[in-house]
Amino acid sequence: MSQQISEKRAVELAEGNLFNIFGNYDAVARRAAIKDLYHEDGIVYEPYGVIIQGHDAIHKRVQQILDENIGWEFKTVGPVKLMQDLVFVAWTFGPKGGNVALEGTDHILVEGGKIRKLYGLLGDQCDIRS
């Protein structure tokens, strides 16, 4: 059964995940944010079948992304959206002050006020074509 979360917590989870975790170059602060926002066994489903589970694995993957994209930043596109226990946020990622390199959407399943599962989609990746 789904549970309603507050709009405030929805924004904290969506924006915290983008800015305090995936966009945070400070490893110590990032680890603290992961602990605050994710369940210990939380799962991130990345594009193209990549699955990351648990605090340590999430931290390691984020570090890889940031090492490959030094100086890049996330920006939200529009407001965070909430529907019961689902949170949605659209974003862009690219060099600070430069052109957008990636755009996507995070679809976050919340349980007990923390992220249980996050599905990250890039651009039109979820479009089904016949």
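The values are calculated or read from the model by the stated rules, or taken from the named source; none is laboratory data. Everything quoted here is computed from the prediction, not taken from an experiment. Neighbour counts run over all protein chains shown; Cβ positions are idealised from the backbone, glycine included. SASA here: full protein model, heavy atoms, side chains in, ligands and nucleic acids out. Shrake-Rupley method; radii C 1.70, N 1.55, O 1.52, S 1.80 Å.
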Going by the conditions given, is Glu103 among the charged types (D, E, K, R) and surrounded by 15 or more Cβ atoms within 10 Å (Cβ to Cβ)? yes
Can you tell me which residues in segment 51-61 are in contact with a Lys or Arg (Cβ under 8 Å, 6 or more places away or on another chain) and more than 16 Å from Leu121 (Cα to Cα)? His55, His59
Search segment 94-130 for residues being out of contact with any helix residue (DSSP H, G or I) (no Cβ under 8 Å at 6 or more places or on another chain) and hydrophobic (A, V, I, L, M, F, W, C), and hand back the single one that is modelled with the lowest pLDDT. Ile128
Regarding Glu15, is this residue in contact with a Lys or Arg (Cβ under 9 Å, 6 or more places away or on another chain), open to solvent by 30 Å² or more (accessible area, probe 1.4 Å) and either within 18 Å of Leu121 (Cβ to Cβ) or not in a helix (DSSP H, G or I) (or both)? no
Quick check on Lys60: is it among the basic types (Lys, Arg), modelled with pLDDT under 95 and open to solvent by 50 Å² or more (accessible area, probe 1.4 Å)? no
I need the full set of residues from segment 63-72 which are over 14 Å from the mean Cα position of the chain (by Cα) and surrounded by 15 or more Cβ atoms within 10 Å (Cβ to Cβ), in order please. Asn69, Trp72
Being within 13 Å of Leu118 (Cα to Cα), among the hydrophobic types (A, V, I, L, M, F, W, C) and open to solvent by 60 Å² or more (accessible area, probe 1.4 Å) is the requirement here; does Ile34 meet it? no
Against the definition (over 24 Å from Gln4 (Cα atoms), among the aromatic types (Phe, Trp, Tyr) and in contact (Cβ under 8 Å) with a residue 12 or more places away in the chain), how does Trp72 come out, yes or no? yes
Return the residue satisfying two criteria in turn: it lies in segment 73-89 and is within 14 Å of Phe22 (Cβ to Cβ) and not polar (S, T, N, Q), and of such residues it is surrounded by the most Cβ atoms within 10 Å (Cβ to Cβ). Val89
Which condition number in (1) open to solvent by 70 Å² or more (accessible area, probe 1.4 Å); (2) outside any strand (DSSP E or B) is the one that Asp41 fails? (2)
